[in-house]
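Quick notes on the structure that follows.
Derivation of every value follows stated rules applied to the coordinates shown; laboratory data play no part. Owing to the predicted nature of the structure, the values given are computational and were not obtained by experimental measurement. Note that we place each Cβ from the backbone using ideal geometry, even for glycine, and neighbour counts take in every protein chain shown.
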Amino acid sequence: MSGIIEPSGIAVSLAEPEPRRLRLDAKAIAAIVILVVFALVALAGRFLPLDPGAIDVTKIFAPPSASHWLGHDDAGRDVLIQLVIGAWPSLVVGLSAAAVAVLIGGTLGVLAGYSRGWLDLVLLRLMDYFIVVPALPFAMVITAIWGPGLGHLIIVIGILLWSTTARVVRAQVKSGRERLYVQRAQALGAGHLHILLRHILPQVIPLIGTTGSLAVALAILTQAALEFFGLAGTGVLSWGTMIRFAFQRDAMLNDAWWFVVPPGLCICIVITACYWLAQSLEKALNPRLSTTDLRVRSFSLRSAREGA
Amino acid sequence: MMRAQASAPPLLELRHLRVNFVEQSLFGRTLNEVSAVDDVSIEVRQGEIVALIGASGSGKTTTVRAALGLQPVTAGEIVFSGRPMTGMGPREWKDLRRRMQLIFQDPTEALNPRMTVEEIVMEGLLIHRLGENPSRRREMIEEALGFVGLTPPGHFLRRHPHTLSGGQRQRVAIAAALVLSPELLIADEPVSMLDPSIRAGILDLFARLRAERGMSTLMVTHDLPSAYHLADRVYVMNRGRIVEEGPTKQVFRSPSHDYTKALIRAASGQTLADGPVP
């Protein structure tokens, strides 16, 4: 077995983690529960005939009450119902933009990592370029050219986010293709497609789960920011546009916190859940992260003495 | 035992092989050139076990990698079964990589930890589309595992490499080579990563393969005792060149080159059994 001996006398295995069943911790389960609840809410908002009510001047910024839990907005419409309706576009745009990012990033990352030489170099420079593109100005320019709209928003966010995934995937593929079992497959007569499908992709796919959930979080956040600046187009009710309306109509000056806080809080909770999921996925897929430092720190003295 | 005849036709011939490692700038300008293999000619005849010995860094592994087309060749020719591989397309190289199987030094690294023993042995069958149906393939896999001593085969099929011992892993690698019915095995230091107590078992496999199937083997090694016991002929390699070649006993008893003498002197601490070595 390949391994190194730590100064404490503990052998730390550098070998690839053994294949094991995915075991999720409490954080991951909490994250999944949160995301499932939000998904159900979004589905309800999409398919149930919910109506925030007509404009009602008697209820402008009316505070929360028993029949309207989150009060009313500047036009006297129910905020809670708007929040439920707004969940669908928020989550759909977040998920699809992340999917676009992971698809572009994964493909180009595998391509760059697997090909040596000029193609890798060109793709790497492209990734560098997209990492330094400032997100908001870029999105504004693109929506100014293409016009606003949810589809455009998805593509813009996807373009903004793909390079991170691409870099991570490229690094993994690059180290993966140098492995001896890849050479062995070559010596067996395997073609590039076989090597990619059988030996490289299984190493990359767990990584896509991790970067994918991070991408969802970032996509939702970017989307809210873009919508706040009015780049999502009109007629779409989402959490980002709710915050925008609240800002434009001076909700805070009227002490109507119930118009600002709930959509912001929803964005925060969903993003946090995505981060948790990414963290525990990474921990579950890369046992080295937790086990090595635990062993060396807490058991080093005793084990070293026993070993001596 | 079926001994190779000096008159048997050569199976693999490397003719004046030269491999240079070239460091190039982005625009293809040569920055640095290192010669790894320099005018190496090696011949392996049908049913023969040939050892290629030499110290680390002498170019042995580069030579065998070049023989399989895994390493671009600067000059020289690779001839398999009388057929020069120079200028051959991907299909011919793929066919060559079925008839000539490489066994790696480190079985732990050479087997994909995510695959089961069955998948590992089956991989070559799928690449070369051998075995008409799943049950025939299963038969071939079990036969190969049985031959290398992993019995009963059913006990090993579903296991992952990390649950096997080092010797068992190397046996899996050898089974994965045998299942393709190759004509030549190239074993790159097949036992150097293994515990001395299990080396004999693996080396014995190569002897049995030759005795029972007339298999030719090119064994790369820096372990002189195993070369002495197993090989009909040896090539001694130093700094990318073949410095001495000949029948094993003759080379070991009366080495002519200084480097060979030094190697044998260095190894005389180990036992070169059956017969004293000067």
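What FRET efficiency comes out for the pair residue A:51/residue A:133, r = Cβ-Cβ distance, R0 = 45 Å, nearest 0.05?
Rounded to the nearest 0.05, the efficiency is 0.65.
Whole percent per 10 Å bin, from 0 to the bin with the longest distance: what is P(r) over all C-alpha pairs of segment B:183-228?
26, 60, 14
Across peptide A:177-184, how many C-beta atoms of other chains are within 10 Å of each residue C-beta, on average? Before the final figure, lay out each step's value.
Numbers: counts 0, 0, 4, 9, 13, 2, 6, 14.
What the average comes to for A:177-184 is 6.
Among rounded, prolate and oblate, which fits segment A:208-278 when a ≥ b ≥ c are the square roots of the eigenvalues of its C-alpha gyration tensor, a/c under 1.5 means rounded, and a/b larger than b/c means prolate?
The shape class here is oblate.
Amide H neighbours of residue B:187 under 5 Å, at least 5 residues apart or on other chains, H built in the peptide plane: list them.
Under 5 Å from the amide H of residue B:187: B:103, B:218, B:219, B:220.
Just the Cα atoms of segment A:40-183: what Rg and Dmax do they give in Å?
22.4, 75
For segment B:100-208, what is the convex hull volume of the alpha-carbon atoms per residue, in Å³?
Convex hull volume per residue, Cα atoms: 94 Å³.
Compute the normalised compactness of segment A:73-286: alpha-carbon radius of gyration over 2.2 N^0.38 Å, N being the residue count.
1.22
So for each of B:221-229, A:38-46, B:18-26 I average, over its residues, the number of other beta carbons within 10 Å; can you give me the resulting order with the highest mean first?
So the order, starting with the most tightly packed, is B:221-229, A:38-46, B:18-26.
Convert each backbone phi in segment B:21-27 into a coupling constant with the Karplus relation 6.51 cos²θ - 1.76 cosθ + 1.60 (shift: θ = phi - 60°), then list the ³J(HN,Hα) values in order as whole Hz, x for Gly and Pro.
So the J values, rounded to whole Hz, are 8, 10, 9, 10, 7, 4, 9.
So what is the relative contact order for segment B:10-267, in percent, with contacts set as C-alpha pairs under 8 Å and at least six apart? Provide the component values of the computation, followed by the final result.
Details: 483 pairs, mean separation 67.8, N = 258.
Worked out over segment B:10-267, it gives 26 percent.
What average number of partner chain Cβ atoms lie no more than 10 Å from the Cβ of the residues making up B:106-116?
Mean shielding count: 6.
How large is Rg over Rh for segment A:73-119, taking Rg from the Cα atoms and Rh as the Kirkwood inverse mean of 1/r across Cα pairs?
Numbers: Rg = 19.8 Å, Rh = 13.7 Å.
Rounded to two decimals, Rg/Rh equals 1.44.
Which whole number gives the average count of other chain Cβ atoms within 10 Å of the Cβ atoms across peptide B:96-102? Before the final figure, lay out the partial values.
Details: counts 1, 5, 2, 1, 2, 3, 5.
Mean shielding count: 3.
Quick check: the distance between the Cα centres of segment B:195-245 and segment A:98-127, to the nearest angstrom?
Taking the Cα centre of each part, segment B:195-245 and segment A:98-127 sit 44 Å apart.
Given axes a ≥ b ≥ c from the Cα gyration tensor, I'd like to know whether chain B is rounded (a/c under 1.5), prolate (a/b larger than b/c) or oblate.
Oblate, because a/c is 1.5 or more while a/b does not exceed b/c.
Residue A:195: net charge of surrounding residues, Cβ under 11 Å, Lys/Arg +1, Asp/Glu -1, itself excluded?
Net charge around residue A:195: +3.
Rounded to two decimal places and with Rh computed the Kirkwood way over Cα pairs, what is Rg over Rh for segment B:47-150?
Rg divided by Rh gives 1.00.
Run the reach check for residue B:261 against lysines, Cα to Cα strictly under 28 Å, same-chain hits fewer than 8 apart removed. What comes back?
Candidates past the 8-residue exclusion: B:60, B:249.
Once each part is reduced to its C-alpha centroid, what is the distance from segment B:73-108 to segment B:5-34 in angstrom?
The distance from the Cα centre of segment B:73-108 to that of segment B:5-34 comes to 13 Å.
Rg and Dmax in Å for the protein assembly as shown, alpha carbons only: what are they?
Cα-based Rg and Dmax for the protein assembly as shown come out at 32.5, 112 Å.
Tell me the net charge near residue A:92. Cut-off is 14 Å between Cβ atoms, residue A:92 excluded, with +1 for each Lys or Arg and -1 for each Asp or Glu.
Neighbourhood net charge equals 0.
Given N residues in segment B:116-272, what is its alpha carbon radius of gyration divided by 2.2 N^0.38 Å?
Details: Rg = 17.9 Å, N = 157, 2.2 N^0.38 = 15.0 Å.
So the Cα radius of gyration is 1.19 times the expected 2.2 N^0.38 Å.
Report for segment B:10-267 the percent antiparallel among DSSP-assigned beta bridges with both residues inside it, nearest 5.
The answer is about 55 percent antiparallel.
Round to a whole angstrom and tell me the spacing of the C-alpha centers of segment A:179-245 and segment A:153-171.
Computed from Cα coordinates, the inter-centre distance equals 7 Å.
Around residue A:258, with a cut-off of 15 angstrom between Cβ atoms, what is the net charge of the other residues, counting Lys and Arg +1 and Asp and Glu -1?
Residues near residue A:258 contribute -2 overall.
Karplus couplings for segment B:261-268 from phi (6.51 cos²θ - 1.76 cosθ + 1.60, θ = phi - 60°), rounded to Hz, Gly and Pro as x?
Using θ = phi - 60°, the values come out as 4, 4, 4, 5, 4, 5, 8, 5 Hz.
Among DSSP bridges having both ends in the protein assembly as shown, what percentage is antiparallel? Round to the nearest 5.
Details: 28 of 46 bridges.
Antiparallel: roughly 60 percent of the beta bridges in the protein assembly as shown.
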